[in-house]
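Each remark here refers to the structure printed beneath this line.
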Amino acid sequence: MDKKFLDAMPVVLHLQSSGYDTYFVGGAVRDQLLGKEIWDIDIATAAKPDEVTELFDKVIPVGIDHGTVLVRYGGESYEVTTFRIDGEYNDFRHPEEVEYVSSIEEDLSRRDFTMNAIAMGKDGQIIDPYGGQEDIRAQKIKTVGSPDERFQEDPLRMMRAIRFVSQHGFELTDGTYSAFDQWKHLLSHIAIERIAVEFEKLFNGHELNKAWTLLVDSNLYAHLPILNESPQLMNSTKTIKWIPLNDLAEVITVFHILKPEISIDMWVKHWKLSNRIKRKSLTLVNAWDLWQNSKEKQCLYLLGEDHIAAFYRVLSTLNTHFDQDIKELFKAHHSLPIHSRKDLKVDGNDIKGWFPNEKPGPWIKRFMESVEELIINGELVNDSLEIKERVTSWNPHELN
Ligand code: ATP
Ligand code: MG
């Protein structure tokens, strides 16, 4: 058993010895069977949320309406979910209500794919009523029960199927794939935040090209915001040699560069993306412009060490002939004379002081930027006297 399971074992044992049947479930069990690295551990138990809460010191009620609490133990967090089946999905968001059930087998029946519907007990015993292990061996993604029912119930599962293709390189079974056609339109009812989570994971997968082809060929994209307006673009992206991208900032940067009419703001608005994603993406887009104009040093300065790898992924995706080593980029960044405005030997106040008769205004910012640019390009030394001599030769009223 993987160390991650052993770390979580005291939680399982405590629930079990308190009289509640308890199992490891979900991605961790699947990934262990696949011999892959395990990320987070999910636990399913017969204990109700309030009973779980009673048993542990630190419990956070993250999804208590759906039977899920977060148990903090040994510095880790474990999602502990009461055995349940889902009620009606009237609004396609969450089931209207959940019904607690007494057995793990029933709980597994509500899960999306057979490979995700396997439980493992404290002694490593496997509960696999839907043939998940066999499908894992055959590398097949197959819904638990009728794909028509399961996709109609929660259309997000179609997106999840494609992201699992990307993560594992598996094939969808014929029945699972052919059901897309009838239910894909329901995706437009799904909260975009839920879709975005799966979309991002799709782009992280090492079989991204296979998954992307599937997303385009199945026409699933026609029910996703923005992508649905660009069928030509979508077809042309099939020839891209995608490399895994870390987050949606990198994804929307690539799409914006491919189709500049769709601004980053539009992406952020329609996909309800965070400010962090927006800021990162705008930085990457500006860096791309500098790079295209052969301003490599300024580009690297703008990116800073934190975003160089992201930019490298964007460049490699968009330009198949780009074969510079990423180490070269880091080296070039390292040898820049300054790495941020903080490294400058002068600041806005100094510049203001050199022009005692001028009112403060946008010219100060403009001068600062010019100084930065000259220093980055090696045309001016980062020395306060040298900078002063240069700047005092400029006219605040003229655009330099
Ligand atoms: P990952 O490794 O990316 O975390 P995962 O399989 O653990 O993959 P999660 O989104 O963490 O995926 O979900 C945990 C488990 O909950 C799944 O393995 C599956 O059994 C179940 N599940 C999650 N979302 C759904 C859904 N929309 N419909 C049915 N079951 C779901
Ligand atoms: Mg998981």
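Data for the structure
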{"item": "Net charge of neighbours whose Cβ lies under 13 Å from the Cβ of G175, counting Lys and Arg as +1 and Asp and Glu as -1", "result": "-3"}
{"item": "Two-decimal log10 I(q)/I(0) for the stretch 215-315, as the Debye equation yields it once each C-alpha is a single scatterer, q = 0.21, 0.23, 0.24 Å⁻¹", "result": "-1.14, -1.30, -1.36"}
{"item": "Between the stretch 347-400 and the stretch 1-52, the Cα center-to-center distance that results, in Å", "result": "61 Å"}
{"item": "Which of A28, A310, S294, positive extreme of dipole for the chain (C-beta unit charges)", "result": "S294"}
{"item": "Mean Kyte hydropathy of 1.0 or more with a Cα span along the axis of at least 30 Å, helices from DSSP in the chain", "result": "none"}
{"item": "Computed helical MRE - 222 nm, the chain, DSSP H runs ≥ 4 contributing -39500 (n - 2.57), nearest 500", "result": "-14500 deg cm²/dmol"}
{"item": "Full-extension gain in nm, S109 to H339, via 0.36 nm per residue minus C-alpha separation", "result": "77.3 nm"}
{"item": "Table column - 3J(HN,Hα) (Hz), the stretch 140-150, Karplus curve with 6.51, -1.76, 1.60, x for Gly and Pro", "result": "10, 9, 9, 5, 6, x, 5, x, 4, 5, 5"}
{"item": "Across K210/K280; K58/K184; K4/K269; K295/K365, pairs whose alpha-carbon gap is larger than 29 Å", "result": "K58/K184; K4/K269"}
{"item": "Candidates D42, D343, D107: whichever shows maximal mean-square fluctuation once the chain is modelled as a Gaussian network with Cα springs under 10 Å", "result": "D343"}
{"item": "Local electrostatic count at E198 - Lys and Arg +1, Asp and Glu -1, tallied over other residues with Cβ under 10 Å", "result": "+4"}
{"item": "Square roots of five times the Cα gyration tensor eigenvalues for the chain, Å", "result": "50, 26, 20"}
{"item": "Local electrostatic count, P129, Cβ distance below 13 Å [Lys/Arg +1, Asp/Glu -1]", "result": "-4"}
{"item": "Relative contact order [Cα under 8 Å, 6+ residues apart], the chain, whole percent", "result": "8 percent"}
{"item": "Unit charges on C-beta of K, R, D, E only; dipole of the chain, Debye", "result": "1260 debye"}
{"item": "Candidates P61, P362, P147: whichever shows maximal mean-square fluctuation once the chain is modelled as a Gaussian network with Cα springs under 10 Å", "result": "P362"}
{"item": "Among Q139, Q152, Q232: highest mean-square fluctuation, GNM of the chain, C-alpha pairs under 10 Å", "result": "Q232"}
{"item": "Loop sites in the stretch 1-62: GluC sites (Glu not before Pro), DSSP, at most 15 other Cβ within 10 Å", "result": "E37"}
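Computed from the coordinates by the stated procedures, all read-outs in this text should not be read as laboratory data. Keep in mind that what you see is a predicted model, and the values were worked out from it rather than measured. Every residue, glycine among them, receives a Cβ derived from its backbone with ideal geometry; neighbour counts consider all protein chains shown.
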